[in-house]
Amino acid sequence: QVQLVESGGGLVQAGGSLNLSCVASGKSFSSYIMGWYRQAPGKQRERVASITSDRQINFVDRVNGRFTISRDDAKSTVYLQMNSLKPEDTAVYYCNAKWGSYSSWGQGTQVTVSS
């Protein structure tokens, strides 16, 4: 089982930035598809961004151009740089790892954007 630990959430004003990190356990991080998801109160969890082992990246449209996802395989870490944050970005952000038919989730980190 891969364990994921997120950090970097917090309270920020609209227009501000945050950089989330997710550190993974295990020895095969470089082969995982890593993703960031978020869940706002009363809403379903949605995928925000993902990055494959060969650095193919996908974003949900409403964060494209504002968020950047990257990974450092040597540190078993995936990052989500969030710029120009909006109140509607407020949510718990979760890190996800996929390998084969398996998936693992982190505990989540709260991001709150005030207007």
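Remarks
- Among residues of the range 23-77, those that are under 17 Å from Ser7 (Cα atoms) and of a type in the set (Val, Ile, Thr), counted: 5
- Identity of the residue in the range 73-89, open to solvent by less than 50 Å² (accessible area, probe 1.4 Å) and closer than 12 Å to Cys22 by Cβ, that ends up farthest from the chain's Cα centre (by Cα): Ser76
Table: residues versus (1) surrounded by fewer than 16 Cβ atoms within 10 Å (Cβ to Cβ); (2) closer than 21 Å to Gly16 by Cβ.
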residue: Arg38; (1), (2): no, yes
residue: Ala49; (1), (2): no, yes
residue: Asp61; (1), (2): yes, no
residue: Asn64; (1), (2): yes, yes
residue: Ala91; (1), (2): no, yes
residue: Gln110; (1), (2): yes, yes
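- Members of the range 1-41 found to be among the basic types (Lys, Arg) and modelled with pLDDT of 95 or more, listed by number: Arg38
- Residues being assigned to a loop (DSSP other than H, G, I, E, B) and hydrophobic (A, V, I, L, M, F, W, C) are entirely absent from the range 92-114.
- Test: residue in the range 43-54 that is acidic (Asp, Glu) and assigned to a strand (DSSP E or B): yes
- Identity of the residue in the range 6-36, within 19 Å of Lys75 (Cα to Cα) and assigned to a loop (DSSP other than H, G, I, E, B), that ends up most open to solvent (accessible area, probe 1.4 Å): Lys27
The values are calculated or read from the model by the stated rules, or taken from the named source; none is laboratory data. Every value quoted in this text rests on a predicted model; they were computed, and no experiment measured them. We place every Cβ from the backbone using ideal geometry, glycine too, and count neighbours over all the protein chains shown. Calculation scope for accessible area: heavy atoms of the full protein, side chains included, ligands and nucleic acids excluded. Shrake-Rupley method; radii C 1.70, N 1.55, O 1.52, S 1.80 Å.
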